[in-house]
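This report concerns only the one structure given below.
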Amino acid sequence: MSADHPEPPDHPELTVDRMPPPTGPASDPPAGPLGDAVPRAPHRLGGPGVTDDGVLAALVRLIAIVAFTIGSIECLAGIVYAEPRAVALGSVAAIYGLWVASRAPALTGPDRESTITGIATVTLMMIGLAAILQPSIAAAMAIASLLPAVIVTPIVGSRIVLRLLVLGGLVAAWSELAGYLVPGPSRLPQAGQSAIAFVTLVLSYAFLVIFLWEVSRRLKGTAADLQSVVAMSGDLAETLDPRLVGDRIAFHIARAVGADDCALSYWDQASDRVVTLGYHPPERREALNATYALEDYPATKRVLLEQRAVLIDVADPTADESEVRYLVSINQRSMAMVPLVAAGRTIGLIEVTSSRTAAFDDRSVQLATMLAGEAAMALENARLYDQIRHQALHDGMTGLANRVLFRDRVEHAVERCRRNGGNVAILFIDLDDFKTLNDTHGHARGDEVLTAAAGRVSEVLRPSDTAARLGGDEFAVMIEDVVDEADALAVAMRLAEALRQPLPLGHSTVRVAASIGVALGGSGGETTDDLLRNADVAMYAAKQTSRGGAEVFRPALREIAAARSARAALLRGVEQRDELRLDYQPIVDLTDGSIVGVEGLVRWQPTDGPVLMPADWIDLAEETGDIVPIGRWILREACRQARDWQIRLGRPDLRMSVNLSARQFREHDIVATVRSILAETGLPPATLILEITESSLMRRTQSTIARLDALRALGCHLAIDDFGTGYSSLSYLERFPIDILKIDRSFVSDAGAGGSAIARAIVDLGRTLNLEVIAEGIEEAEQARWLADMGCRFGQGYLYARPIGAAAFEALLAEGAGLSRASDGSGSDAGIGSANPADPPAKRLRLVSGE
């Protein structure tokens, strides 16, 4: 196969049906699938061979000749001896012979049944008339009366044969009676009458024997043909493998028609190419070229398009010279091409070749066509089965093995390791942050990334390795004959590096990292389930510790995974068991330290364990989906508590900030949930701030903006939490209906070293877009002073108070004083940035509820 002729994608194992020419100085083969294109000029059926219909036509012509000859002699004898009956019989016989000769060509056409029936009927009439006009040949006519029924037997239906047999019996009986009923002696000499009677009897008997032999030959041929069909059908019923089916079909057809070689080819209409599904003899299959384009072979294409068989023979002077050279170059002298037709649709063709001249006649082609009809359905069934089987065991998008096939291959590999020793490595691959990419760029682009990732995984592996897509963005790899852990880890790192390379996506480029878990085993008693589970555990460990890298399974990882699984089980229904509580951290005005708002922060208090901070379980809740009901509880409890303080403490302006998780924000009913909770608790919407992380906002941007608009329409304020840590575009930020930017604590901590350029940029951005800015994580007075001087009005952090319980926070609110001095001792407005050493220290609350 040349490099510019790739194999069709659906049939990577298929080859083409042309043998390469022998090499040597005497060989000068024409081009074709063996090289460049050689058009094949077809010779339509009716070439050097003789068909069964041709034999029948020849025998009928012989009857016509004999009838005309004997009739002419009878007529002359009648004239010589003045016998009118002889003249009449001879004239009728001669005319009958001419008429039969004129009808004989129609026996090879589509009207052969009606033609042969008409000839048989007229023949019976002729026999009956001859018995009347020449009683001396009555016995010969009695025998000849069986001939019409015999003639039509191979062609017409049994009902017509029966009618002709009955008529023939009546004519035979009439012939015997005619000798007694017809009056008067003949004027012909007795010796002449005896001679005519004898010749007629011999010829009648001879024709009867000849036609009986022809019928017998046809019946035996039909029986052999049927036997070939039955044998092929029985053989094909034992397998549905397309290649085995193709080889068996080629074998049976070659044997049935007496061919040296037989190729069964499939027509791939999508690429307009021909590929081989079967070949006989099988030892010559390896010498075949891989594929050829039909545009190079118009004759073959005509066979496929017109569904007509073609004969090529080197002895045919009308055959195309290039075709003759092609046959000679492969040491063959004749070829027949028969289309494969299933349900009226051409699906391929059969080519049979022979080293004999005129090896194939019309009957051979008819037999091959009959077998081709059976073969076409078997082939389509096999291909359909193979397609269904492939779809059942492979991923439809990437073409990789699916979970079922992957597990089956792992089981076989583990079994081989147990018998022969050695190791097998299982690698679980999960694309990092793929959901974010999918939501940002859309599912269509996400599918492109998955397909590209599958291609890169396959490129790294050996042909003996197995790559699979388990679902979503998870892939798996099985590597056999692994030397040790380092060997498996080296493959994992090559995979990670390949996946990390930039990937063109539309008009942009994205990078996709992957976390890979590696499990090694096989000869140590590990089961298939053990290996798959260990690789999965290692992959999750890689996600937690080294995103974009690989982690090898260790028994300790199983304990961590078990603990994580147990914690996930405990999380389910935690809000219903009353194990959650909220702590509150004040948000202050940096100019005077007054409390202007509060942020509700969730804590989990299991019944039999210590208090768990959000960092210990929020990600797990997000992963399992439990964050959605937990988030509803947090929002409801925060709104209820805020409204209670507003009423009892006379702080109607007190604002409550609540975080919405990424998964909670994506819930289709989040707007209805917020509306319902506001109505239930009576909290004024203007005093509720919903904080959303920057990365959450960049997913499905259009739907995100619509959802933000709907929340904003309720009257709530919207804040971007941890601003500056994500990757949002400023153009999108301008479109978002956002009220507040919260500077991440990592940028505030840099303020002590002379100020953070990013924090300053965020404050300037907020001022430009007319947004409030709240700084998180303020722990030192110097940070607060720097932020205030820069124009950031609000902040929160340990400088003012740690998160505390509701009772402690209520006491703090009840005091009504600011959490830091707003002026120095002289009464001048020095602000929170006063550096007067005489100033008393700022009031700082270090209570931590529940600690």
At R0 = 51 Å, FRET efficiency that the Cβ-Cβ distance of Ala563 and Leu384 yields, to 0.05: 0.55
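Loop-only check: which chymotrypsin sites (Phe, Trp or Tyr not before Pro) in the stretch 593-639 are DSSP coil with at most 16 other Cβ within 10 angstrom? Intermediate values should be presented prior to the final figure.
Values: sites: Trp604, Trp617, Trp633; in loops: Trp617.
Counting only loop positions with at most 16 other Cβ atoms within 10 Å, none of the chymotrypsin sites (Phe, Trp or Tyr not before Pro) in the stretch 593-639 qualifies.
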Karplus-derived 3J(HN,Hα), 6.51/-1.76/1.60, for each residue of the stretch 97-105, Hz, glycine and proline x: x, 5, 5, 4, 4, 6, 8, 4, x
Phi-based couplings in Hz for the stretch 150-156 (Karplus 6.51, -1.76, 1.60; Gly and Pro marked x): 5, 4, 7, 3, x, 10, 9
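Send over a whole-number figure in Å² for the accessible area per residue of the stretch 458-530, probe 1.4 Å.
Roughly 45 Å² per residue, with all protein chains present.
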Thr591, Thr693, ranked by accessible area, largest first (probe 1.4 Å): Thr591, Thr693
Cut-off under 5 Å, modelled amide H: who pairs with His394 long-range: Asn402
Extension gain from Arg648 to Val483, taking 0.36 nm per residue of separation minus the Cα-Cα distance: 52.2 nm
Pair Ala195, Arg462: separation of 7 Å Cα→Cβ label points (nm): 9.5 nm
Separation in nanometres of the label points that stand 7 Å from Cα toward Cβ, at Met613 and Gln501: 4.2 nm
3J(HN,Hα) from dihedral phi, the stretch 71-79, Karplus parametrisation 6.51/-1.76/1.60, rounded to Hz, x for glycine, proline: x, 5, 5, 4, 5, 5, 4, x, 5
Given charges at beta-carbon only (K, R positive; D, E negative), |dipole| of the stretch 605-728 in Debye: 600 debye
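Using the beta-carbon distance between Arg403 and Val596 and R0 = 60 Å, what value does 1/(1 + (r/R0)^6) give for FRET efficiency, to the nearest 0.05? Can you show the working numbers first?
Values: r = 54 Å, r/R0 = 0.91.
Calculated transfer efficiency: 0.65.
The values are calculated or read from the model by the stated rules, or taken from the named source; none is laboratory data. Fair warning: this is a prediction, and the values are worked out from it, not measured in the lab. Glycine gets a Cβ as well: all are built from the backbone with ideal geometry, and neighbour counts include every protein chain shown. Accessible surface areas use protein heavy atoms only, side chains included; no ligands, DNA or RNA. Shrake-Rupley method; radii C 1.70, N 1.55, O 1.52, S 1.80 Å.
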